[in-house]
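Novice: I have a structure I would like to understand better, so I am pasting it below and will then ask my questions one at a time.
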Amino acid sequence: MIMDIKDIIKPENLVYQKTSVLTDNAMHYCPGCSHGTVHKLIAEIIDEMGIQDKVIGVSPVGCAVLAYNYLEIDWQQAAHGRAPALATATKRLYPNKYVFTYQGDGDLASIGTAEIIHACSRGENITVIFINNGIYGMTGGQMAPTTLPGMKTSTSPYGRDTSTMGFPLKIADMIAMLPGVCYVTRQSVQTPVAARKAKRAIAKAFRGQEQCKGLSFIEIVSTCNSGWKMTPVDANKWMEEHMFPEYPLGDIKDYLQ
Amino acid sequence: MAMKGAIVVDIEKCKGCGVCVANCPTETLALHKEVNGKGYNYSYMANPDTCTGCTNCAVVCPDTVITVYRVRV
Amino acid sequence: MAEKILMKGNEAIAVAAIRCGCDGYFGYPITPQSEILETLTEMRPWDETGMVVLQAESETASINMVYGGGACGKKVMTSSSSPGVSLMCEGISYIAGAELPCLLVNVVRGGPGLGTIQPSQSDYFQAVKGGGHGDYKMIVLAPASVQEMNDFVDMGFELAFKYRNPVMILSDGIIGQMMEKVELSPMKPRWTDEEIKKLHGSWATTGKDADRNYNLITSLDLDAARQEKFNQKLQAKYREIEKNEVRVEQTLCDDAEYLIVAYGSSARVSQKAMELAHEEGIKVGLLRPITLYPYPTAQIQALLPHLKGILTVEMSAGQMIEDVRLAVEGKVPVEFYGRAGGMIPSPEEVLEAIKTKLVKK
């Protein structure tokens with residue numbers, strides 16, 4: 001039996017729609033960018049946990065600087081790399097709020113290394129969402145500390161030569177050894193299975209703030225198809241083949257219940 | 001019992017990235033040969049009969065432009 | 001009259017912060033102001049008032065914690081000394097651009113670079129003219145006593161919230177380190193979260209309640225026309241501050257023939273020099289700007305008709321003198337006497353400068 005589409009598209013048959021925590025603003029991100037998917041997952045968790053009035057987000061400098069245009073929550077926009085400092089004060093002053101930073105790899109793993117490491121070291125009871133696509137997106141595809149060896153970027157046009165340009169910085173592995181950190185996981189969002197797993201991880205981190213066990217850190221290995229100069233679908237494949245071996249997915253540390 | 005689904009794409013917000021198409025398990029989706037107001041080949045149900053309403057396309061859509069409906073048949 | 005307590009200027013800042021209902025202090029040790037953080041951690045205000053005291057990993061982190069705390073609508077502050085304040089300038093610009101209230105204390109030491117740990121006034125330009133990038137202004141208060149170190153904390157927060165603007169107490173190593181008797185301010189309770197929502201809920205990030213749109217704290221607007229409008233709004237605010245908030249102390253200025261303009265520690269030295277001059281029959285007045293921004297331009301101009309000359313005394317190579325000259329517009333000679341690098345002028349040196357540079361007999 002073939003049903004008419006009109007008979008299916010009825011309110012009583014609705015199984016997935018945009019959460020109202022997402023604004024109606026069209027995202028400025030490039031087609032296929034992982035940022036949008038992660039934004040959505042965070043918005044859905046805030047909606048499902050019913051904590052819209054208790055969340056304060058801190059946006060970075062980089063492509064996600066404008067994250068505040070897309071989630072209907074109170075936002076602070078930080079200077080480059082400083083989001084964990086803002087979040088530290090915010091959580092200390094409002095311990096019953098859910099406070100999170102949203103930072104890219106240029107922001108968190110380069111200019112902001114001091115702030116993230118010391119927020120981790122102090123065991124700040126916040127959640128950090130770390131988008132790692134191995135490149136500076138907003139400024140036009142320059143090399144980041146997370147850029148893979150041999151990877152071509154606009155400032156490593158012949159490929160990242162580790163003898164002069166250093167090695168990929170694996171922040172998640174570094175901070176996992178700090179006692180102030182309660183949860184470190186590395187996820188991705190390129191497939192429905194991966195996105196659903198990432199969503200569970202983010203939800204766990206947000207709920208984890210209620211346990212006051214320290215900082216929860218979620219790295220999302222992501223794409224920058226514009227910076228990588230690929231189609232979105234090819235970028236997802238390239239990420240699986242090249243980024244995942246360097247940044248393997250899964251929980252690195254989990255002290256949360 | 002089989003599931004029968006259908007999706008609605010917010011055509012003007014779709015950027016035609018194709019991630020939904022690549023992740024559709026029933027090959028329901030494709031990018032339209034026509035473009036939207038921004039010049040993107042938007043996603044649509046090329047084979048509506050095969051949609052099961054699994055929501056995979058909506059979950060991976062970076063711009064959250066897909067709404068999913070499903071019935072048991 | 002309340003009891004007076006003997007204390008250091010830096011200690012007075014810490015005690016005043018607790019007593020005026022400050023919600024959070026975020027700082028990093030640096031000489032000559034570390035007693036502020038030390039006093040706070042010793043007094044454990046978190047037990048009594050709930051005030052947060054946190055030693056950050058750097059001045060950069062401190063000022064960005066202040067940014068986050070100010071964004072929450074809370075009374076937050078930091079303190080540092082010159083090299084540390086240089087590190088904070090990025091954050092100060094963001095705070096000014098995001099129109100956040102906060103209190104900053106600079107207990108100035110000699111520069112440039114690592115300079116010295118001795119007192120100086122060589123951060124006047126940094127405090128008054130910018131320091132960070134962009135067209136912004138801080139309200140700058142210049143205490144000349146330990147009592148004023150105490151008093152300006154509460155006043156600083158009042159001004160910061162009145163204008164949603166950073167306020168700096170520009171002190172120096174002398175006033176930070178010296179001990180004087182202080183009458184403490186009365187205890188003010190901290191604002192409750194409900195009070196903050198009522199007072200600052202229109203802009204502060206307190207969590208988006210269902211009955212309002214979400215609040216956003218940012219200094220970013222990529223639309224140039226809107227950014228220009230925002231700049232015009234900031235400038236209008238600064239004009240309002242200039243109209244309302246000038247504070248100045250004048251001593252024997254009414255019939256003075258010569259005027260010393262000096263602030264902070266230099267004003268204390270100049271006070272003595274003025275007295276020495278009067279003993280020699282030289283009619284010298286002292287004008288002490290208490291607010292360095294907004295500057296007492298009109299107050300200086302009002303004295304010009306009966307002045308033969310002005311001496312600006314600073315512990316720098318000559319910074320505030322530029323604002324004096326802007327006020328005077330060439331109508332009388334404006335001379336300078338200063339010591340730099342952590343040296344302090346003596347009253348005798350200042351008297352000599354009055355005689356040789358102004359009186360010229």
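Novice: Quick one: which residues, 5+ away or cross-chain, put their amide H under 5 Å from the amide H of residue A:71? H built at 1.01 Å from N.
Specialist: A:23
Novice: Here is a follow-up. Kindly list the residues of the range C:241-272 that lie in the label zone of residue C:302, defined by a backbone N under 15 Å from the point 7 Å along the Cα-to-C-beta vector.
Specialist: In the range C:241-272, the label zone of residue C:302 (backbone N under 15 Å from the point 7 Å along Cα→Cβ) covers C:243-256.
Novice: Next up: Using a 10 Å cut-off around each Cβ of peptide A:32-41, what is the average number of partner chain Cβ atoms that fall inside?
Specialist: The per-residue average across the peptide is 5.
Novice: Give me the one-decimal nm value for the distance between modelled label points at residue C:212 and residue C:129, 7 Å along each residue's Cα-to-Cβ direction.
Specialist: Distance between label points: 3.9 nm.
Novice: If you don't mind, another one. Kindly provide log₁₀ I(q)/I(0) values, in the same order as q = 0.10 Å⁻¹, from the Debye equation applied to equal alpha-carbon scatterers of chain C.
Specialist: -0.62
Novice: Would you list which lysines come within 24 Å of residue A:229, measuring only between C-alpha atoms, while excluding same-chain residues fewer than 8 positions from it?
Specialist: Hits, sequence-local ones excluded: A:152, A:170, A:237, B:13, B:15, B:33, B:38.
Novice: Check which residues have an amide H placed less than 5 Å from residue C:336's amide H, if you skip close sequence neighbours.
Specialist: Correct list: C:312.
Novice: The range A:144-185: D in µm²/s via Stokes-Einstein (Kirkwood Rh, Cα pairs, 4 °C, 1.567 mPa s)?
Specialist: Calculated translational D: 111 µm²/s.
Novice: How much accessible area per residue does the range A:1-69 have, in Å², with a 1.4 Å probe?
Specialist: Solvent-accessible surface per residue comes out at 40 Å².
Novice: Of all DSSP beta bridges located in the range C:151-296, what percent are antiparallel, nearest 5?
Specialist: 50 percent
Novice: Over the range C:249-359, what is the relative contact order in whole percent, taking alpha-carbon pairs under 8 Å and six or more residues apart?
Specialist: 30 percent
Novice: Excluding residues fewer than 8 places away in the same chain, name every one of the aspartates and glutamates whose C-alpha is closer than 13 Å to that of residue C:233.
Specialist: The reachable aspartates and glutamates, counting only those whose Cα sits under 13 Å from residue C:233, are C:99, C:135.
Novice: Report, please, the projected area of the range A:1-122 averaged over directions, based on the convex hull of its C-alpha atoms, in nm².
Specialist: 10.0 nm²
Novice: Distance cut-off 23 Å, Cα to Cα: go down the list A:97/C:198; C:74/C:237; A:204/C:198 and report the pairs above it.
Specialist: A:204/C:198
Novice: Residue by residue, what Karplus-based ³J(HN,Hα) values in Hz, rounded to whole numbers, does the range C:95-108 have, using 6.51, -1.76 and 1.60 with θ = phi - 60° and x for Gly and Pro?
Specialist: 5, 5, x, 8, 6, 10, x, 5, 10, 10, 10, 10, 8, 6
Novice: Using only Cα atoms, what is the ratio of the radius of gyration of the range A:119-236 to 2.2 N^0.38 Å?
Specialist: Cα-based Rg divided by the globular estimate yields 1.18.
Novice: Mind checking the log10 I(q)/I(0) for the range B:3-68 at q = 0.15, 0.16 Å⁻¹? Debye, one equal scatterer per Cα, no solvent, two decimals.
Specialist: Debye curve over Cα of the range B:3-68, log10 I(q)/I(0) at q = 0.15, 0.16 Å⁻¹: -0.37, -0.42.
Novice: Another question about this same structure. With a 1.4 Å probe, how much accessible area is buried between chains C and A, both sides summed, in Å² to the nearest hundred?
Specialist: Using a 1.4 Å probe, the pair buries roughly 2800 Å².
Novice: Which order do you get for C:191, A:228 if you rank them by accessible area with a 1.4 Å probe, largest at the top?
Specialist: C:191, A:228
Novice: Please give the peptides C:67-74, C:44-51 ranked by average Cβ packing (other Cβ atoms within 10 Å per residue), highest first, as a rough proxy for protection.
Specialist: Ranking, from highest mean packing down: C:67-74, C:44-51.
Novice: What's the average, rounded to a whole number, of partner chain beta-carbon atoms within 10 Å of each residue's beta-carbon in A:188-198?
Specialist: 4
Novice: Quick check: at a probe of 1.4 Å, how many percent of the accessible area of chain B sits on carbon and sulfur atoms?
Specialist: About 51 percent, which is the carbon plus sulfur part of the accessible surface.
Novice: Between C:54, C:303, C:326, where does the largest GNM mean-square fluctuation fall for chain C, given springs only between Cα atoms within less than 10 Å?
Specialist: Most flexible of the set in this elastic network: C:326.
Novice: What percent of all Cα-Cα pairs in the protein assembly as shown falls in each 20 Å bin, counting up from 0?
Specialist: That works out to 17, 42, 27, 11, 2, 0, in percent per bin.
Novice: So what is the relative contact order for the range A:123-178, in percent, with contacts set as C-alpha pairs under 8 Å and at least six apart?
Specialist: Relative contact order here is 23 percent.
Novice: Also, quick follow-up: If Lys and Arg each add +1 and Asp and Glu each add -1, what is the summed charge of the other residues whose beta carbon sits under 11 Å from the beta carbon of residue C:115?
Specialist: Net of charged neighbours comes to 0.
Novice: Let me ask something else. Return a whole-number percent for the relative contact order of chain B, with Cα pairs under 8 Å and 6 or more residues apart as the contact set.
Specialist: Dividing the mean separation by the residue count of chain B yields 47 percent.
Novice: Residue A:6: which aspartates and glutamates have alpha carbons under 20 Å from its alpha carbon, excluding same-chain residues fewer than 8 sequence positions away?
Specialist: Cα-Cα hits under 20 Å: B:10, B:49.
Novice: For the range A:176-184, take each phi angle, set θ = phi - 60°, evaluate the Karplus expression 6.51 cos²θ - 1.76 cosθ + 1.60, and give the result in whole Hz per residue in order, putting x for glycine and proline.
Specialist: Running phi through 6.51 cos²θ - 1.76 cosθ + 1.60 with θ = phi - 60° gives 4, 7, 7, x, x, 9, 9, 8, 10 Hz.
Novice: Let me ask you something else. So who's got an amide H within less than 5 Å of the one on residue A:220, skipping anything under 5 residues away but keeping other chains? H placed 1.01 Å off N, in plane.
Specialist: Long-range HN contacts for residue A:220: A:130, A:131, A:132, A:187.
Novice: What distance in nm lies between label points placed 7 Å from Cα along the C-beta direction at residue C:187 and residue C:46?
Specialist: Each label point is offset 7 Å from its Cα along the Cβ direction, giving 2.0 nm.
Novice: Ratio of alpha-carbon Rg to the 2.2 N^0.38 Å globular estimate for chain A, to two decimals, please.
Specialist: Compactness ratio reported: 1.01.
Novice: Along the Cα-to-C-beta direction of residue A:234, a point sits 7 Å from the Cα; which residues of the range B:23-53 have their amide N less than 18 Å from that point?
Specialist: Residues B:23, B:31, B:41 fall inside that zone.
Novice: Could I have the simple spin-label model distance between residue A:193 and residue A:96, label points 7 Å from Cα toward Cβ, reported in nm to one decimal?
Specialist: Label-label distance for residue A:193 and residue A:96, simple model: 4.3 nm.
Novice: Okay, moving on. Could you run the Karplus curve 6.51 cos²θ - 1.76 cosθ + 1.60 with θ = phi - 60° over the range A:194-204 and give me ³J(HN,Hα) per residue in whole Hz, x for Gly and Pro?
Specialist: 3J(HN,Hα) across the range A:194-204, in whole Hz: 5, 5, 5, 5, 4, 5, 4, 5, 5, 4, 4.
The values are calculated or read from the model by the stated rules, or taken from the named source; none is laboratory data. All figures in this text were calculated on a predicted structure; none of them were measured in a lab. Here Cβ is always computed from backbone atoms with ideal geometry, including for glycine, and neighbour counts include all displayed protein chains. Only protein heavy atoms, including side chains, enter the accessible area calculation; ligands, DNA and RNA are left aside. Shrake-Rupley method; radii C 1.70, N 1.55, O 1.52, S 1.80 Å.
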